[in-house]
Amino acid sequence: MILVDTVYQTVLALANKEQRGYITPQEFNLHANHAQMSIFEQYFYDLNQFRRQPGSTTKYADMIDIIEDKLRDFKVGFTNISSGGSIENAYRIISVISGDDNVKIVEEIKLEDRHKIDHSPLTKATVNRPVYWISGGNIYFSPSNILNPVKYSYIRKPVDPNWTYLVVDEKPLYHPSGGAQNFELHPSEQEPLVIKILQLCGVTIKDYNLVQAASQEEVKNIQQEKQ
């Protein structure tokens, strides 16, 4: 967890340096959510990249282990779900199973392949070989007599950060009991968060020197991580 007020005050201090401009709470919250999701989504691209490379023999130096550790709090264990159920909160499904005593793995198929698979005797879904597909944010299963219960595990999306405030003497003051939400990312992501938010803020206040400075710092951090 990263304190939303700490990030906001850091962003303000850096953006206001040399009178570069003021970032409103509304602008910050919008940019904060975008920055958090950008870092979160990058984990999956990085995992694909690092899995193609030889890992480190030292556990705490292995990038795959480091990223998996950052994703740990977002993993949700097996939860019951019915065909047609919403998976809106799931960023990525890990596994789907059916049945209690005789558990079967439910395999994913593409929506466009559904009818082709159903009309082929060799690929048609059965109780022993069930399938699922995703359409419109919902999950569907085949066959209709699939063994129940059906459960799925998934990686959830991080909750949107929110810096809440009260206006005192025409200035916004942090009000944590007003529904504030901290960043859910690993504490090591605090600096990258600040940098990404600064990039977006630089565009908002039309300070492209700020955008460039933040971008250079981001490139330097990425190079250090991937050496």
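Any read-out appearing in this document is the output of simple, stated calculations on the displayed coordinates, not a laboratory observation. Being a predicted model, the structure only gives us computed values, none of them experimental. As a convention, Cβ positions derive from the backbone with ideal geometry for all residues, glycine included, and neighbour counts pool all protein chains shown.
Taking square-rooted eigenvalues a ≥ b ≥ c of the alpha carbon gyration tensor, is segment 75-156 rounded, prolate or oblate, where a/c under 1.5 means rounded and, failing that, a/b exceeding b/c means prolate? Since a/c reaches 1.5 but b/c is at least a/b, the shape of segment 75-156 is classed as oblate. For segment 75-156, the relative contact order works out to 51 percent when only alpha carbon pairs closer than 8 Å and six or more residues apart are counted.
Pairs 70/196; 70/104; 110/196: which are spaced more than 24 Å apart, C-alpha to C-alpha? Over 24 Å apart, Cα to Cα: 70/104; 110/196. For residue 163, the shell of other residues with beta-carbons less than 13 Å away shows a net charge of -3, using +1 for Lys and Arg and -1 for Asp and Glu.
With neighbours defined as other Cβ atoms within 10 Å of a residue's Cβ, the residues 5, 100 order from fewest to most as 100, 5.
How much net charge surrounds residue 117 when only other residues with a Cβ under 11 Å from its Cβ are counted (Lys, Arg +1; Asp, Glu -1)? Within the 11 Å Cβ shell, the charges total +1. One decimal place: the segment residue 72-residue 191 gains 40.8 nm when fully extended, by the rule 0.36 nm per residue minus the C-alpha distance. In this calculation the C-beta distance from residue 112 to residue 165 is compared with R0 = 41 Å, giving a FRET efficiency of 0.30.
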